[in-house]
Structures are given as C-alpha cells and as structure tokens.
Amino acid sequence: MIPKKMREIARTEKCAEVVEKFTECCKNNNILMSFACRKENTALKECLTRWYEDEDFKNRCKNEYLEERSEYRRTGITKKQKMLSNMM
C-alpha cells in the first residue's frame, strides 16, 4: 500500500507538470505516441524514480498511510468514504 501511495502522490503532486506534458503528447500523437513521446516518457520516468528513491518522501508516505490505517481501525471509515460523505 505504501508504494501505491508513493506513486499516487508522485504523479499528482511532485511530477504533475511532467505527467501533463506526457499526457498531452500522447493525446496529440495517438498511434505514433510510443515514438513521438519518448522524450516526455523519459522525463516522466526520471521524475518518478527520483521521488521513489527519496527517503524523506518514503517516510512521509509511510506516515500518511499509517495515520490513515489507524483512523480506519478507530472509526471503520476509509479516507475515500469520508471524502465522499463530505461531498454530499
């Protein structure tokens, strides 16, 4: 679960700009995206790898996961369920 959390945070927060450029390139190049978007794909991989190897980032994600798990065990409500109930 911690690696999943790391991927999610890295993609949405840390590398959001690079993800957006890669996504845009893929949309614009359809079938040829594997050839046309090599530069963007490499930049995305480098950004994600940099964050996956960062010990402070790993610890942050681990602590967030442990807090969420603790909250779930205490209340029986997941973070996702809590967010959905706040939206209604």
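Rule-based calculations on the coordinates, nothing more; no lab input. This one's a predicted model, so the numbers in the text were calculated from it and none came from an experiment. All Cβ positions, glycine included, derive from the backbone under ideal geometry; neighbour counts span all protein chains shown.
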Nearest 10, in degrees from 0 to 90: the angle of helix 16-29 to the longest Cα principal axis of the chain is 50
Using Cβ-Cβ distances only, list the Cys residues of the chain with no partner cysteine under 4.7 Å, sorted by number.
CYS26, CYS61
Would you compute, from DSSP H runs of 4+ residues alone, the mean residue ellipticity of the chain at 222 nm, taking -39500 (n - 2.57) per run and dividing by the full residue count, rounded to the nearest 500?
-25000 deg cm²/dmol
Once you list every other residue whose beta carbon is under 13 Å from the beta carbon of TYR72, what net charge do they have if Lys and Arg are +1 and Asp and Glu are -1?
+2
For ARG74 paired with ASN41, estimate the spin-label separation in nm (one decimal), with each label point 7 Å from Cα along the Cα-to-Cβ line.
4.5
Given pairs LYS4/LYS62; LYS5/LYS80; LYS21/LYS62; LYS27/LYS58; LYS21/LYS82 and cut-off 22 Å on Cα-Cα distance, the over-length ones are LYS21/LYS62; LYS27/LYS58; LYS21/LYS82
Give me Rg/Rg_expected for the range 2-87, where Rg uses Cα atoms only and Rg_expected = 2.2 N^0.38 Å with N residues.
1.39
Longest principal axis of the chain (C-alpha) makes with the long axis of helix 55-75 (C-alpha) an angle, in degrees to the nearest 10, of 40
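May I ask you to sort ILE77, ILE9 by Cβ crowding, counting other Cβ atoms within 10 Å and putting the fewest first? Intermediate values should be presented prior to the final figure.
Details: ILE77 11, ILE9 16.
Taking fewest neighbouring Cβ atoms as first place, the list is ILE77, ILE9.
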For ASN63, what charge total do you get from the other residues with a beta carbon under 12 Å from its beta carbon, if Lys and Arg give +1 and Asp and Glu give -1?
+1
Angle between the Cα long axis of helix 38-52 and the longest principal axis of the chain, 0 to 90 degrees, nearest 10?
30
Report the net charge of residues surrounding GLU53, where surrounding means a beta-carbon distance below 14 angstrom and charges are Lys +1, Arg +1, Asp -1, Glu -1.
+2
